[in-house]
1. Take the residues of region 143-152 that are over 10 Å from the mean Cα position of the chain (by Cα) and not in a helix (DSSP H, G or I): which is surrounded by the fewest Cβ atoms within 10 Å (Cβ to Cβ)?
2. Going by the structure shown, is Gly82 over 29 Å from Ile182 (Cα atoms) and of a type in the set (Gly, Ala, Ser)?
3. What do you reckon, is Trp134 assigned to a loop (DSSP other than H, G, I, E, B), over 22 Å from Thr56 (Cα atoms) and not small (Gly, Ala, Ser)?
4. Just to be sure before I move on: is Thr158 modelled with pLDDT of 95 or more and either within 23 Å of Arg44 (Cα to Cα) or not aromatic (Phe, Trp, Tyr) (or both) in the structure I sent?
5. Would you kindly identify the strands (runs of 3 or more DSSP E) lying entirely within region 1-119 that contain at least 2 residues that are within 14 Å of Met150 (Cβ to Cβ)?
6. Could you grab me the full set of residues in region 81-110 that are β-branched (Val, Ile, Thr) and either in contact with a helix residue (DSSP H, G or I) (Cβ under 9 Å, 6 or more places away or on another chain) or within 16 Å of Ile139 (Cβ to Cβ) (or both)?
7. Which ones in region 69-118 are touching a strand residue (DSSP E or B) at 6+ places or on another chain (Cβ under 9 Å), under 24 Å from Trp169 (Cα atoms) and of a type in the set (S, T, N, Q)?
8. Which residue, of Val124, Val111, Val154, is touching a Pro at 6+ places or on another chain (Cβ under 8 Å) and on the phi < 0 side of the Ramachandran plot?
Amino acid sequence: MSRVILFNKPFNCLSQFTDQGNEGADRQTLSDFIVVPGVYAAGRLDRDSEGLLVLTDDGKLQARIAEPKNKMAKTYFVQVEGEPEIRAVQALRNGVVLKDGKTAPARVEQVEEPDWLWPRTPPVRFRKTVPDSWLKITITEGRNRQVRRMTAAVGHPTLRLIRHSIGEWSLEGLQTGDWRSI
């Protein structure tokens, strides 16, 4: 039977078990939180992003989650700079042209800041003169830094990005840095 772990990855943590390539830097890795042999991250979540990371020892499951051709839905709560007008939201829904081509359409809705959200360390920068707002974005691709590039392309850079779910799995009940086997 394959092993599946749901992990709520903190901000500034690498999505790998070792820190390769940054000599002298003391960056957190998965091994700071998870001591389970033989499991690997199915997909990635950038160091400056937070939220759900699925780990497994099943190569086929890993591929099903990580391969863009499988179109597994991934939902993010995204704090963006400014208050997106309907035109920007519609552009995200239709697909945005990025340097590596047009994205597939996304499901996008404007939402309030989630009440389950934990404080981020360090906090997101706050500017009195620039409001921020929250979007719930679901994509079926997995390009490098895709959600960040999409929001920037419509004029609303991402300030904070939390992956809430991958397929039927979500980070419900997991505090930042916590994990559970399913």
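The values are calculated or read from the model by the stated rules, or taken from the named source; none is laboratory data. Please read these numbers as outputs of a predicted model, since none were measured by experiment. Please note: Cβ atoms are built from the backbone with ideal geometry, for glycine as well, and neighbour counts cover all protein chains shown.
1. It comes out as Asn144.
2. Criteria met by Gly82.
3. For Trp134, the condition - assigned to a loop (DSSP other than H, G, I, E, B), over 22 Å from Thr56 (Cα atoms) and not small (Gly, Ala, Ser) - is not met.
4. For Thr158, the condition - modelled with pLDDT of 95 or more and either within 23 Å of Arg44 (Cα to Cα) or not aromatic (Phe, Trp, Tyr) (or both) - is met.
5. Output list reads 74-81, 107-111.
6. Val89, Val96, Val97, Thr103, Val108
7. Across region 69-118, the qualifying residues are Thr75, Gln79, Thr103, Gln110.
8. Sole residue among the options that is touching a Pro at 6+ places or on another chain (Cβ under 8 Å) and on the phi < 0 side of the Ramachandran plot: Val154.
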